[in-house]
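For reference, the structure discussed in these notes is given below.
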Amino acid sequence: QTIYLPANWSPKSQRDVSVLVHELVHHVQNVGEVHGYACAAEKERDAYAAQQAWLAKSRRNLLREFKIDAMTLFARTVCLY
C-alpha cells in the first residue's frame, strides 16, 4: 500500500505526475479489490488510460513522454498467453 517514486520526482513535472496517476490507479485496483481482469497486464489498460488522460490535459502523450507507441501499449495491456 505504498507508492515509491524516484528521488528526483517532481510535482511540477507533468510527466512525473502522470507516473503517480498511473500508480494511483493500481493502488485503487488493489485496495478496492477490483476484479474482472484476466491477467495482470489487463490492469495496465486502466492505468495507462488514466496516465494518458492526465498527459493530454497539457497536450502531451505517452509516445512523446515515454516512447510508448500504440503497439507497445497494446502488448503491455493484453493477456499474451
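The values are calculated or read from the model by the stated rules, or taken from the named source; none is laboratory data. Predicted model only: the values in this text are computed from it and were never measured. When we count neighbours, we look across all protein chains shown, and the Cβ atoms used for this are built from the backbone with ideal geometry, even at glycine. Heads up: the accessible areas ignore ligands, DNA and RNA and are worked out on the full protein's heavy atoms, side chains in. Shrake-Rupley method; radii C 1.70, N 1.55, O 1.52, S 1.80 Å.
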Could you state the accessible area per residue of the chain in Å², with a 1.4 Å probe and every protein chain left in place?
-> 70 Å²
Ile68-His35 FRET efficiency (beta carbon distance; Förster radius 30 Å; 0.05 resolution) | 0.70
What length, rounded to one decimal in nm, is gained on full extension from Ala49 through to Ala7, with 0.36 nm per residue of separation minus their alpha-carbon distance?
-> 12.6 nm
Could you name the lysines in cross-link range of Lys12, using Cα to Cα under 17 Å and dropping any fewer than eight places away on the same chain?
-> Lys57
In deg cm²/dmol, rounded to 500, what helix-only [θ] at 222 nm does the chain give when every DSSP H run of at least 4 residues adds -39500 (n - 2.57) and the total is split over its residues?
-> -18500 deg cm²/dmol
Reachable lysines from Lys43, Cα under 22 Å, same-chain residues fewer than 8 places away excluded?
-> Lys67
Residue-span extension gain [Arg15 to Arg60] - 0.36 nm each, minus C-alpha spacing | 15.4 nm
Would you mind telling me the share, in percent, of accessible area of the stretch 12-81 contributed by carbon and sulfur at probe 1.4 angstrom?
-> 58 percent
Gyration tensor verdict on the stretch 1-47 (Cα atoms; rounded if a/c is under 1.5, prolate if a/b is larger than b/c, oblate otherwise) = prolate
Loop-resident sites, the stretch 14-81, for GluC sites (Glu not before Pro), counting at most 16 other Cβ within 10 Å (DSSP) | Glu33
Please give the net charge around Gly32, taking every other residue with its beta carbon less than 14 angstrom from that of Gly32, where Lys and Arg add +1 and Asp and Glu add -1.
-> -1
Over the stretch 23-78, relative contact order from alpha-carbon pairs under 8 Å, at least 6 apart, % = 39 percent
